[in-house]
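A short worksheet on the structure shown next.
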Amino acid sequence: MDLYVPLILAIIPTILLVRYFYFQDINKPEPVGLIIKIFVIGILSVIPIIFIELMVARMIAITTFQNNVIFNSFCQAFIIAGLCEEAMKLFIVRKFIFNNNHFDEIMDGIVYTIVASLGFACIENILYVIEGGVTVALMRGVTAVPLHAIASGIMGYFIGKAKFSTTNTSSLLFKGLLIAIGVHGSYNFVLFISPTYGFMYSLLIFPILILSYLKLKFYINSAVEEDLNENI
């Protein structure tokens, strides 16, 4: 019973965010069955991501800079977490939904990428909450879980643009991935350096989250308008 409440609190934010972003697709909402499918694949992606991150961490650990806090934090934030996790979410969307007939709007790139990210975030959140309890559940529910959705949602806009591009598909996908890594990595980096350089650095996650969400909201509005104008 003691574990039951934290687990519920760990899962609820991901479900609420899936629901919120699903209803942002006001033109042609996606089939619920596909949303569930991508969410489950996002959950399952935790397994390969763990192995990939462990392998990358071991590669980084052999460098001569392994005792440097800034270098270590940068690598953990932007490479181990940012690159590995965002690249996996991109892979999921490209592999399992990109060529589906229901992926027929730019906005769909945002929706499906966010759903994949929240599937991953759901399991990650549960793992953290099992160890940290209710306090961790509440904190991550308003910080780390939205971070996954926001970073991946921005990438999703470029995935949606790439879907309907005939000339620069690869460059759009690469640009989206880089931005997602930048948002995700910046969030993690300020948290990783705060134990050494001071708690105040950890507070930077809030402007990162707010500014990134505003950017995502801009891309959502742009996607909806572009879909209407182009009659996609």
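A few notes on this one:
- Where a label projected 7 Å from the Cα of Val134 along Cα→Cβ would reach, residues of segment 6-32 with amide N under 17 Å: 6-13
- Segment 19-135: proportion of alpha-carbon pairs further apart than 18 angstrom, %: 58
- Efficiency of FRET between Phe206 and Phe96 - r from beta-carbon atoms, R0 25 angstrom, step 0.05: 0.15
- Between helix 169-197 and the chain there is an angle of about 30 degrees, using the helix long axis and the longest principal axis of the Cα atoms.
- Helix 106-132 axis versus longest C-alpha principal axis of the chain: approximately 30°, rounded to the nearest ten.
- Rounded to 0.05, the FRET efficiency of the Lys217 and Ser165 pair, given R0 = 22 Å and the Cβ-Cβ distance, is 0.45.
- Exposure rank, largest accessible area first [Arg140, Arg58, Arg94, Arg19; 1.4 Å]: Arg58, Arg19, Arg94, Arg140
- For the chain, size of Cβ-based charge dipole, Lys and Arg +1, Asp and Glu -1, in debye: 280
- Crossing angle, helix 84-96 versus the chain [Cα axis fit, 0-90 degrees, rounded to tens]: 30
- Set of aspartates and glutamates with alpha-carbon distance to Lys89 below 15 Å, sequence-local pairs under 8 removed: Glu53, Asp108, Glu124
- Placing R0 at 41 angstrom, the Cβ-Cβ distance between Thr196 and Glu230 gives a FRET efficiency of 0.25 after rounding to 0.05.
- Solvent exposure of segment 96-232, expressed per residue, is 44 Å² of accessible area, with all protein chains present and a 1.4 angstrom probe.
- Segment Ile70-Phe174, extension gain: residue separation times 0.36 nm, minus the distance between their alpha carbons: 34.9 nm
The values are calculated or read from the model by the stated rules, or taken from the named source; none is laboratory data. Remember, it's a predicted structure, so these values are computed and weren't measured experimentally. Note that we place each Cβ from the backbone using ideal geometry, even for glycine, and neighbour counts take in every protein chain shown. With ligands, DNA and RNA removed, areas are computed over all heavy atoms of the protein, side chains included. Shrake-Rupley method; radii C 1.70, N 1.55, O 1.52, S 1.80 Å.
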